[in-house]
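**Student:** Below is the structure I would like to discuss, written out as C-alpha cells.
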Amino acid sequence: MNDPGFRALEWIAGKNPGDPPVIRMLDQTRLPYEEVYVGIRDHREMAEAITSMRVRGAPAIGMAAAYGVALGAARMEADDVDAFVNALRPVSDLLAGTRPTAVNLFWALDRMQRAAEQARAGGGDIPAIRERLIAEACEIDRATFESDIALSEHGAELIEDGASVLTHCNAGAIATGGYGTALGVIHAVHESGRDIHVYVDETRPRLQGAKLTAWELTRYDIPFTLISDNMAGHFMARGEIDAVIVGADRIAANGDTANKIGTYTTAVLAREHDIPFYVAAPLSTVDQKLASGDLIPIEERDHEEVTLIGDVLITLDGVTSANPAFDVTPNRYISAIITERGVVRDPFDKGLATQFEEHDRERT
Ligand code: MRU
C-alpha cells in the first residue's frame, strides 16, 4: 500500500567515499513509450532536466531544484566557507530561472539557501555545509512522500464508493516525487478497496493526461477513460462525472489556483453542472506572499507545442499562436482545497492561514 512502485527522482550516493553522487531520474519526456532512467550529475544537468520537462509537476520540480543545489554543492570547491556559500547563489539562480509558475521551486531553493546559512552560522566547515545541504534535499524528498500520503487520505474521504472523477494534467507520483496529489487521492480511494473510475483529460498541448496520467493509472490498475479536453462538458451534462480533482502549481493566499492550462475551463463547467471541484496540493504550493491569483506569473512556452503534435505540423506554417502553460481558477469555483493538514473551504484565506499557523507552531 502507498507505494507507487517507482521513484521519479532518487539520490544515489557514490559507491565509495569521495565518489560523486548522482540523481536517478525517470525521464518523463519518454513516457508512455519507454521507462527510461537518466543520471543527473550536476546542477546544470538538473536545470536542463527541469526546462525540458524530463521532470515536471510542481512538487517534483521543487525536489529536483533542491537536489540540484545539493549536487552543485557536492562538486563545488572553494577557498573558505564564505566563498563556498556565496558560490551557491549562481547555482540557485540557474535553477530558479528554469520555470516561473510552480512556487515549490522557489520554496525549495529558499530552504536550501537557509540551510547553508544556518550551517555556516553554526560554525560548519565546507564538508559540513555540503552534508547539511544533502540532508536538507533528502528531507524535502521524505517529507513530500509523507504529505502526499496525508493529503491523499484526507481527499479520499470526499470521494464516494463508485464515484466517477475527472482529472486534468498529471498530478500523480511522477509529478511529486512521492505518492501524488490529485492522483494520490484517486490512488488512495482505489487502495482502500472502493470503486473509482477516472475521466482523464488528454491535456493539450503537451498531453500530460494522455501520456502520463494514463501511464500511471494503467500501472495502478485503476479503470479510466481518456477524453479530449473539449469532451468534459458533454460527460458532465450526461451526469457521468461526480467530482473534478486537480493539482496545483501555485495557490495564492486567497485560494485562487494556478494549474495546467484548461483547469479553469473545467472548473467553470463543473460549477454549471453543480459538480464539486477539488484542488489537492501540499502547503509548499501555497504562496502566502501573493494575495490573489492575478499576481501569479504564468509561463509562456514554445509555440511549437501548439502548432505541432510530435513532429507533425497541424496548421499552416507561420500561423500566430499562443501557449500559456497554466491558467488561474478563481477561488469562487473551488469547493475545497485539500492539503496535508486537511480540507479547507471558503473562506480560503482564513483556512489556509490557520493551517500555516498550526504548521509553524509544530515546528517551534
Ligand atoms: O507543466 P507541468 O506538466 O509541470 O504542469 C503540471 C501541473 O499543472 C500539475 O497539475 C501540477 O504541477 C500539480 S503536480 C502534483
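**Student:** Let me have the 222 nm mean residue ellipticity of the chain computed from DSSP H runs of 4+ only, each contributing -39500 (n - 2.57), with the sum over all residues rounded to the nearest 500.
**Tutor:** Taken over the chain, the calculation gives -13000 deg cm²/dmol.
**Student:** As a test, work out the antiparallel percent of DSSP beta bridges whose residues both lie in the chain, rounded to the nearest 5. The partial results should precede the final answer.
**Tutor:** On the way: 21 of 40 bridges.
Roughly 50 percent of the DSSP beta bridges within the chain come out antiparallel.
**Student:** May I ask you to compute the full-extension gain from Glu131 to Asp110, defined as 0.36 nm times their residue separation minus their alpha-carbon distance, rounded to one decimal in nm? Intermediate results must be reported in sequence, preceding the final value.
**Tutor:** Details: separation 21, 0.36 × 21 = 7.56 nm, distance 1.71 nm.
Here the segment from Glu131 to Asp110 would lengthen by 5.8 nm.
**Student:** Also: Work out the FRET efficiency for Thr29 and Val268 from their Cβ-Cβ distance, taking R0 = 45 Å, and round it to the nearest 0.05.
**Tutor:** On the way: r = 31 Å, r/R0 = 0.69.
Once rounded, the FRET efficiency stands at 0.90.
**Student:** Let me spell out the model: positive unit charges on the Cβ of Lys and Arg, negative unit charges on the Cβ of Asp and Glu, origin at the Cα centre of the chain. What dipole size does that give, in debye rounded to 20?
**Tutor:** Numbers: 34 positive and 57 negative charges, 57 e Å.
With only Lys, Arg, Asp and Glu charged at Cβ, the dipole is about 280 debye.
**Student:** Moving to a separate point now. Mind checking the angle between helix 58-75 and the chain's longest principal axis? C-alpha axes, 0 to 90 degrees, to the nearest 10.
**Tutor:** 10
**Student:** Put +1 on the Cβ of each Lys and Arg and -1 on the Cβ of each Asp and Glu in the chain; which of Met53, Gly239, Ala150 then has its Cα farthest toward the positive end of the dipole?
**Tutor:** Result: Met53.
**Student:** I'd like to know which of Tyr264, Gly178, Pro20 lies farthest towards the positive end of the charge dipole of the chain, counting +1 on Cβ of Lys and Arg and -1 on Cβ of Asp and Glu.
**Tutor:** After comparing all options, I get Pro20.
**Student:** On to the next question. In what sequence do Lys211, Lys260, Lys15, Lys350 fall when counting other Cβ within 10 Å, fewest first? Intermediate values should be presented prior to the final figure.
**Tutor:** Working: Lys211 18, Lys260 25, Lys15 6, Lys350 12.
The order, fewest Cβ neighbours first, is Lys15, Lys350, Lys211, Lys260.
**Student:** Among Ser92, Ser228, what is the fewest-to-most ranking by other Cβ atoms within 10 Å?
**Tutor:** On the way: Ser92 21, Ser228 12.
Listing Ser92, Ser228 from fewest to most nearby Cβ atoms yields Ser228, Ser92.
**Student:** Can you give me the distance in nm between label points at Leu313 and Glu146, each placed 7 Å from the Cα along the Cα-to-Cβ direction?
**Tutor:** 5.4
**Student:** OK, next. About its Cα centre, what dipole magnitude does segment 213-364 give when the only charges are +1 on Lys and Arg Cβ and -1 on Asp and Glu Cβ, stated in debye to the nearest 20?
**Tutor:** Values: 13 positive and 26 negative charges, 104 e Å.
Charge dipole, segment 213-364, about its Cα centre: 500 debye, nearest 20.
**Student:** Okay, next question. If you take the beta carbon distance between Ala121 and Asp346 as r and set R0 to 35 Å, what does 1/(1 + (r/R0)^6) give as a FRET efficiency, to the nearest 0.05? It would help to have the intermediate numbers written out before the result.
**Tutor:** Numbers: r = 42 Å, r/R0 = 1.20.
Result of the calculation: an efficiency of 0.25.
Each reported figure results from applying straightforward, stated rules to the coordinates on display, with no laboratory input. The model shown is predicted, which means the values in this text are computed figures rather than measured ones. Neighbour counts run over all protein chains shown; Cβ positions are idealised from the backbone, glycine included.
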